[in-house]
Amino acid sequence: MKANVVYFYVIFCFYAVIISANLFAGPDLKKEDEVIEKKVNELLAQMTVTEKIGQLQQLSYWGEKVPDELAEQIREGRIGSFLNAGDLEIKKELQKIAVKESRLGIPLIFGRDVIHGYRTVFPIPLGQAASWNPAIIEKAAAVAAKEASADGIHWTFAPMIDIARDPRWGRIAETCGEDPFLTSTLGAAMVRGFQGKNLADPQTIAACGKHYVGYGAAEGGRDYNTCNIPERELRDIYLPTFHAAVEAGVATIMSAFNEISGVPASGNEFTLRTVLRDEWGFDGFVVSDWTSMTEMIAHGFCKDNREVALKSMKAGVNMEMVSTTYATELEKLITEGLIPEKLLNESVANILRIKFRLGLFDHPVSDGSRQSEIFHPDFLKLAKQAALQSVVMLKNDNNSLPLSGDKTIAVIGPLADSPVDQMGMWTMDGRSEDTQTPLSAIKEKIGENHVKYAPGLKTSRTVDKAGFEDAVKAAEASDAVVLFLGEEQILSGEAKCRAFLNLPGAQEELVEVVAGTGKPVIVVIMAGRPLTFQHVTEKAGAVLYAWHPGTMGGPALADILFGVVSPSGKLPVTFPRTVGQVPIYYAHKNTGRPPSPSSLGIPMGTPLDPQGFTSKYLDVDFTPEYVFGYGLSYTTFEYSNLKLSAESMPMDGSITVSADITNTGDVKACEIVQLYVRDLFASVTRPVKELKGFQRILLEPGESKTATFTLKTGDLTFHDINMNNVTEPGDFKVWIGPNSKQGLEGGFKVVE
Ligand code: BGC
């Protein structure tokens with residue numbers, strides 16, 4: 001009997017080994033990695049300390065001719081990378097010097113901010129996030145990689161996977177919004193899109209998860225400001241998006257400008273070493289943000305460049321962007337024994353590893369043969385598709401939309417024909433002449449003679465009302481008005497923070513006079529952040545939020561306005577009623593005194609509220625204007641039949657949760673079905689709701705589909721009092737619904 005058991009055990013082990021060997025064999029990336037590791041070590045062994053330090057230096061270069069002094073630096077192996085670095089010809093010249101004229105011929109790596117497209121500009125990331133569609137986001141990033149790599153770019157400083165819960169912060173435009181689950185999913189899709197299946201493919205580029213970490217938590221929504229983030233919040237909210245990027249294979253990480261509870265991110269051993277390397281096993285390289293290392297002097301964390309180099313190297317910043325403290329200080333620090341050469345070697349190895357993975361030693365720079373593929377018609381189709389899916393309909397009373405194509409339409413507003421603004425921030429390589437505006441698209445759709453155009457205001461910030469008269473005339477001569485309002489592109493992005501969230505300039509007054517004509521008013525808002533615009537909404541029959549929709553924003557909006565496609569976007573971020581509610585986000589804690597339903601509906605500006613001592617405001621309803629996940633459609637959807645596969649889930653087990661969704665209207669449309677949970681009682685307090693799944697489903701009129709989600713205990717973890725990542729037994733609520741507020745509710749237990 002005993003012998004039998006041993007026999008079976010041996011056979012079992014034999015097959016287990018065979019099966020697992022086959023399962024993990026794959027395309028033999030592991031073997032490739034071993035080969036690369038060997039090459040890295042061989043190269044490293046030949047390098048002088050100066051050449052090693054050179055690999056850590058990244059400079060920005062915009063010039064049109066390579067100056068002799070710069071050429072000499074490259075020849076001496078003192079530069080490892082450039083960002084920006086001009087057009088392809090300049091890159092070729094720089095690379096030729098590195099590869100042919102430096103002692104070891106190590107190629108440079110060229111980085112650039114390819115944030116939401118290269119020449120073909122996709123919606124800003126916050127807009128793309130409103131599509132809740134990782135597949136289209138992955139494709140958009142792949143297009144950006146194709147275009148950028150054709151122009152000699154190897155590496156993009158994207159995706160930005162900071163969590164943003166404050167719309168005053170201008171860089172919210174670059175994020176995927178407020179939620180760790182949504183951002184993790186979409187950020188990982190961007191990484192896959194940029195990097196493809198194999199970085200060595202010349203049509204892919206290395207991605208960079210930024211800004212590590214907590215940059216979005218800037219106090220007061222003011223860029224670069226202090227971030228105080230307790231470790232539990234850091235681990236539960238801000239770190240998971242980066243962990244997901246690392247799991248997706250992101251090649252590089254950028255250390256942020258901000259401090260995290262007293263320790264600047266670029267000198268932060270805990271986040272850069274303990275978490276990123278030791279806990280997650282990241283093997284790419286870390287680049288500092290632009291002078292974020294030397295800014296540690298202004299932070300009051302380092303007294304001079306020497307200390308900057310010392311603390312950054314110890315923390316684990318591998319490449320220095322723009323500032324030059326490694327170049328000037330590191331050799332001395334090593335000679336004095338303050339930094340072991342082993343640390344330097346690690347940094348260099350991390351950088352070389354990525355250069356080898358990118359295949360730069362075999363194809364150091366694009367030969368230009370693919371440049372003709374840039375701005376391919378297929379890319380434009382995808383950009384239109386992405387713009388279509390990013391538009392969120394916030395209001396549509398009495399079927400004000402879609403418009404009928406045989407009417408005369410007044411197209412009014414500063415964003416109706418503003419190609420640069422509709423591209424949004426970070427579009428160094430987008431061209432205004434490529435951009436199709438709503439004005440041109442609407443003219444094309446319904447015929448020029450059916451369109452009366454009057455901008456009303458020159459830009460979003462204009463206060464001069466000289467254009468109002470023409471706007472009113474255009475409205476009077478039309479059957480309906482479409483007002484394109486919002487923010488110019490320079491009002492969002494880096495260092496573009498606002499203390500007010502209203503529509504700037506005289507836009508509200510423009511709406512007032514145009515609505516005064518009595519014509520039906522549709523408002524389309526293009527902006528880089530959630531704005532507050534209650535008075536405008538009151539005057540409009542319908543409101544579309546289009547973010548900055550990119551090159552193909554015009555045709556996409558025209559299709560939605562005239563009913564070719566139903567809007568399907570959902571908000572990736574909560575919209576406040578007023579700036580005074582910020583930060584406001586759906587996954588908040590309950591508090592000990594949650595506001596009661598009886599204190600709902602306090603109008604803006606109410607001087608004194610008679611209600612009791614609960615967590616709310618006296619002068620405005622505590623709820624947001626639009627909740628996370630919200631968005632309307634030209635059809636209606638009914639949710640029914642919530643089912644759970646079991647009442648309880650064992651530890652390390654799973655359950656499925658499903659619901660039927662029916663298109664109860666008469667238009668084919670997409671619905672984004674959302675799954676939320678709440679952990680009711682735990683050893684530390686938990687949010688009132690957390691997104692745990694979503695699906696985009698397409699439904700014909702009358703059609704029903706079942707959305708099924710699998711929830712594992714691993715999806716329910718949080719960091720407990722000892723900072724262990726745990727799922728605790730107990731009661732959970734679960735919802736499947738159309739947004740973070742509504743939904744069918746059920747419950748389950750996690751049992752030991
Ligand atoms: C930004 C980064 C960007 C870098 C390089 C910095 O100012 O914070 O997001 O990648 O510049 O352009």
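The values are calculated or read from the model by the stated rules, or taken from the named source; none is laboratory data. No experiment lies behind these values; they were computed from the predicted model shown. Here Cβ is always computed from backbone atoms with ideal geometry, including for glycine, and neighbour counts include all displayed protein chains. Note: areas computed on protein heavy atoms with side chains; ligands, DNA, RNA excluded. Shrake-Rupley method; radii C 1.70, N 1.55, O 1.52, S 1.80 Å.
Report, in deg cm²/dmol and to the nearest 500, the calculated mean residue ellipticity at 222 nm for the chain, where each DSSP H run with n ≥ 4 adds -39500 (n - 2.57) and the sum is divided by the residue count.
-8500 deg cm²/dmol
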Just the Cα atoms of segment 608-752, one point each, no solvent: what log10 I(q)/I(0) does Debye give at q = 0.10, 0.16, 0.20 Å⁻¹?
-0.44, -0.91, -1.13
Let me know the Rg and Dmax you get for segment 112-180 when you use only its Cα atoms, in Å.
12.2, 37
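If you wrap segment 160-199's Cα atoms in a convex hull and average its projection over all directions, what's the area in nm²?
Values: hull surface 11.3 nm².
Mean orientational projected area (segment 160-199, Cα hull): 2.8 nm².
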With θ set to phi - 60° and the Karplus curve 6.51 cos²θ - 1.76 cosθ + 1.60, what are the ³J(HN,Hα) couplings of segment 104-118 in order, to the nearest whole Hz, using x for Gly and Pro?
9, x, 7, x, 7, 10, 9, x, 7, 7, 9, 9, 9, x, 10
D_trans [Stokes-Einstein, Kirkwood Rh over alpha-carbon pairs] for segment 44-125, 25 °C, 0.890 mPa s, µm² s⁻¹
182 µm²/s
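Can you give me the orientation-averaged projected area of the convex hull built on the Cα atoms of the chain, in nm²? Please report the intermediate quantities before stating the final value.
Working: hull surface 150.8 nm².
Hull-based average projected area comes out at 37.7 nm².
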Roughly how many Å is it from the Cα centre of segment 653-708 to that of segment 88-148, as a whole number?
35 Å
Of the heavy-atom accessible surface of the chain (probe 1.4 angstrom), what whole percent is carbon and sulfur?
53 percent
Normalised convex hull volume, segment 221-267, alpha-carbon set, Å³ per residue:
87 Å³
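Where both partners of a DSSP beta bridge lie in the chain, what percent of those bridges are antiparallel, to the nearest 5? Kindly include the intermediate steps, with their values, before the conclusion.
Working: 48 of 92 bridges.
Expressed as a percentage, antiparallel bridges in the chain total about 50.
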Once you have the alpha carbon radius of gyration of segment 326-412, what is it after dividing by 2.2 N^0.38 Å, with N set to its residue count?
2.30
Stick to Cα atoms and the Kirkwood definition of Rh, then tell me Rg/Rh for segment 465-609.
1.00
Candidate aspartates and glutamates - alpha carbon under 14 Å from Lys139, same-chain residues fewer than 8 apart omitted
Glu147, Asp378
Percent of C-alpha pairs per 5 Å bin, segment 62-216, short to long:
2, 10, 18, 19, 16, 13, 10, 7, 5, 1, 0
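What ranking, highest mean first, results for peptides 248-258, 448-458 when packing means the other Cβ atoms within 10 Å averaged over each residue? Let's see the in-between values first.
Working: 248-258: 25.0, 448-458: 18.5.
Ranking the peptides 248-258, 448-458 by packing returns 248-258, 448-458.
On average over all directions, what projected area in square nanometres does segment 454-551 have, based on the convex hull of its Cα atoms?
Details: hull surface 25.3 nm².
Taking the Cα atoms of segment 454-551, their convex hull projects to 6.3 nm² on average.
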Excluding ligands, DNA and RNA, what is the solvent-accessible area per residue of the chain at a probe of 1.4 Å, expressed in Å²?
40 Å²
Sum up the lysine pairs in segment 651-752 that clear both bars: alpha-carbon distance under 13 Å and a spacing of 8 or more or different chains.
6
Sort 595-602, 494-501, 211-218 by the packing proxy (mean of other Cβ within 10 Å over each peptide's residues), most packed first.
211-218, 494-501, 595-602
How about Lys643: which aspartates and glutamates have a C-alpha closer than 20 Å to its C-alpha, ignoring those fewer than 8 places off in the same chain?
Asp660, Glu671, Asp679, Glu690, Glu703, Asp715, Asp731, Glu745
Can you give me the three principal axis dimensions of segment 261-413 from its C-alpha atoms, in Å, biggest first?
80, 44, 31
Segment 579-640 shape via C-alpha gyration tensor axes, a/c threshold 1.5:
prolate
Mind jotting down the three principal axis lengths of segment 37-90 based on Cα atoms? Whole angstrom, largest first.
37, 21, 15
Relative to the longest principal axis of the chain, what angle (0 to 90°, nearest 10) does the C-alpha long axis of helix 29-46 take?
50 degrees
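For Trp426, Trp290, Trp735, Trp155, give me the order by solvent-accessible area with a 1.4 Å probe, most accessible first, ignoring ligands, DNA and RNA.
Values: Trp426 65, Trp290 105, Trp735 25, Trp155 0 Å².
Putting Trp426, Trp290, Trp735, Trp155 in descending order of accessible area: Trp290, Trp426, Trp735, Trp155.
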Post the alpha-carbon centroid distance, segment 384-448 to segment 618-635, in whole angstrom.
24 Å
